[in-house]
Amino acid sequence: MIRDWENMSESLVGFVVSYRTGPKTQRSKECVLKFPNVKSSSEAARLIGRKVAWPVGERKIRGKIVALHGKQGLVRVRFKKGVSGQALRDTC
């Protein structure tokens, strides 16, 4: 579960769908996120630049929404540290 920590009053909860992958590589610092209420790329475009966090015990791995991913409302997030595989499809 990813939370928008910049504006807690407008907190959104999103889910990590997958890592950003290439033909021979997997980037653990970049993930594809889905927010349940965002259905189109125009709605997702308003989220670019917002900061997100994934909780790991007491700490949080922080990241930033950097781009759209497709036309279904998915976004790409770049984290400062790599996100573990336990974050995939996390529904805490």
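For the chain, the residue among V83, V13, Q26 whose Cα projects farthest onto the positive side of the dipole built from Cβ charges is Q26. Per residue, the chain exposes an accessible area of 63 Å² to a 1.4 Å probe, with every protein chain left in place.
Measuring with a 1.4 angstrom probe and ignoring ligands and nucleic acids, I48 comes out at about 80 Å² accessible.
Quick check: with the 1.4 Å probe, what order do E58, E43, E30 take by accessible area, largest first? Display every interim value, and only then the final one.
Numbers: E58 185, E43 65, E30 20 Å².
The residues order as E58, E43, E30, largest area first.
Over the chain, with every protein chain in place, what whole percent of the accessible area is carbon and sulfur at 1.4 Å, could you tell me? Roughly 50 percent of what the probe reaches on the chain is carbon or sulfur.
Its Cα centre serving as origin, the chain has a Cβ charge dipole (Lys and Arg +1, Asp and Glu -1) of approximately 400 debye. Size estimate for the chain follows the Kirkwood approach: the inverse of mean 1/r over distinct Cα pairs works out to 13.0 Å.
By the helix-only formula, in which each DSSP H run with n ≥ 4 contributes -39500 (n - 2.57) and the sum is divided by residues, the chain has a 222 nm mean residue ellipticity of -1000 deg cm²/dmol.
Under 5 Å between amide hydrogens, built in the peptide plane, is the criterion, and for H69 it picks out L74, V75, R76 among residues at least 5 positions away or on other chains.
The values are calculated or read from the model by the stated rules, or taken from the named source; none is laboratory data. In this text the structure is predicted, and so the values were computed from the model without any measurement. Here the Cβ is made from the backbone with ideal geometry for all residues, glycine too, and neighbour counts use every protein chain on show. Ligands, DNA and RNA are stripped out before the accessible areas are found, and what is left, the full protein with its side chains, is counted by its heavy atoms. Shrake-Rupley method; radii C 1.70, N 1.55, O 1.52, S 1.80 Å.
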